[in-house]
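Take a look at the structure below.
Each reported figure results from applying straightforward, stated rules to the coordinates on display, with no laboratory input. All values derive from a computational prediction rather than experimental measurement. Ideal geometry is used to build each Cβ from the backbone, glycine not excepted, and the neighbour counts take in all protein chains shown.
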Amino acid sequence: MLTLNLIPASPVTFSKSTHQFHPLKRIHNPKTFAYSPVFVNKSSPESPKVCNFSKIHGYPFGKIRALCTKTTHFTDIPENPSRKPGSHVTRAAAASESNPEGEADAAQVAAKSKAKTLQLALVFGFWYFQNIVFNIYNKKALNVFPFPWLLASFQLFAGSIWMLVLWGLKLQPCPKITKPFIVALLGPALFHTIGHISACVSFSKVAVSFTHVIKSSEPVFSVVFSSFLGDTYPLKVWLSILPIVMGCSLAAITEVSFNFQGLWGALISNVGFVLRNIYSKKSLQNFREVNGLNLYGCISIISLLYLFPVAVIVEGSQWVQGYHQAIATVGKSSTFYLWVLLSGIFYHLYNQSSYQALDEISPLTFSVGNTMKRVVVIVSTVLVFRNPVRPLNALGSGIAILGTFLYSQATAKKKSAGGEKKS
C-alpha cells in the first residue's frame, strides 16, 4: 500500500510572460518519475531555467513519496495485489464470449485448411490413378502394336487436342503467344520429345516395372549435367546417388525381361527430361507468367511437330501391316482403339495432374510423391501383367527407389540453405 505524504505548500510566484510550459520537453529525474515536465524561461533562452514539479511546494497535491526506491517506470509497476489469481482467465473467457466473430474466423480458417487438404489428396489420387491407367493401356497397346513412334505421336496429339479444347472453351486461360516465346520453347520441346519417345521405346521392349526402375536414376543425370554447367552440390547429394546406381545395376542384372534397347531407351529418356528441365530454367525464365499447364500444352504441340515426321520416316511403312496384325490379335478393333485412346488421354491427364500438384505443394513434397508414384506403378503393373520378379531384382528396385528418396531430401535441404543465404 502506498503512503501519501502531503507537504504544506509554500507560496511561489510565477511571472506571467517569462515562463511557458513545454510538455514535450523532458528531463530525466531518477529521484521521482523517469521523465518530468519542465518549465522553460523564455526571457533567457541561452540558459533556460528548469523548474521540476518535485521541487515546487505549490504543486496542488504536494510531494508524493513512494515506498519503492527504484526509478518508477511503467514496466516496473507491480501487479495489483487486489487482483484475484486467475482473474485474467475469466476476462479472456468473457472477451471470447463477447467476440463471436473471432470464433467464426477461426472456424472458417479450419474449414479452408480441411478443404485444401482434401483437394490436395484428390490431386494426388488422380495423379497416381491416371499414371497407372496410362502405363497399363500403353503397355497393352504396345504388346499388340509394337510401334512406339506412332503411339508416342498419338499421345502428344491427344494432349494437343485436349489443350486446344480447353483454350477454345475458355476453361483454361490461353497464353499469349509471341515469337520470343515460341523460340524459347523450341529447346525444351525438343528434349521433351527425346525423353518421351525413348521411354515409349523402352516400354515396348521390356517390362514396365523395369523401365520405371531405370527411370528412377534420373537424379544421377541431373547432378552430373548440372555440375558440368557450374552448379555445386554438397556431399550428401553425391552420396544419395550411390544407392540409385547400385540399385539400378542390381535390378538390370537380375531382370527377367532384360533387353539392351529397353535399357538404353530408359537411360536416354532420363537424359532428355533432365536436359529439358535444365534448358527450361534458362530459356523460359522471362516467361514466368505462363502457368505450368499452359506451358506443358505448348510443349506438347511443338513436340508433336517434331516427332510425327520422324515417326513416318522410321516406321511409317510398317503401320498398315502392324494394324491388321493387332486387330487379329485382339479380336475386336474397338478394343484396340480403346487401348490406344486411353493411353493418349491418360498420358496427358497424369502430366496435367502433376503440374497441378506442383503448383499446390513444395518441390520436396512433389519429389517424394513422384518417388512413391513409381512404387505404386511398379507394383500395379507387376500385378496386372504378372511379370516374374526375382528377390534380387526386387531388392535392387527398392534400393534404387530409396536412393531417389534420399536424393530428394538432400536437394531440398540444399535449396533451403541457398534460400537462407540469399535472404
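Key figures
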read-out	value
Entries in Lys116/Lys373; Lys139/Lys215; Lys179/Lys282 that, when Cα-Cα distance is taken, lie over 19 Å	Lys116/Lys373
Cα gyration tensor shape for the range 121-414, rounded if a/c is under 1.5, else prolate or oblate	oblate
For a label point 7 Å along the Cα-to-beta-carbon line of Gln318, residues of the range 194-211 with backbone N under 16 Å	198, 200-206
Prolate/oblate/rounded label for the range 104-214 (Cα gyration tensor, a/c 1.5)	oblate
Net lengthening on full extension, Leu120/Leu171 (0.36 nm per residue, minus Cα-Cα)	16.3 nm
Inter-part distance where the range 298-350 and the range 156-212 are each reduced to a Cα centre, Å	15
Exceeding the 23 Å Cα-Cα cut-off - candidates Lys114/Lys176; Lys176/Lys281; Lys205/Lys236	Lys114/Lys176; Lys205/Lys236
Fully extended contour minus Cα-Cα distance, from Lys332 to Thr232, at 0.36 nm per residue	30.5 nm
Inter-label distance, nm, simple model (7 Å from Cα along the C-beta direction), Ile161/Val310	2.4
Extension gain (nm, one decimal) between Trp264 and Phe129, 0.36 nm per residue minus Cα-Cα	45.9 nm
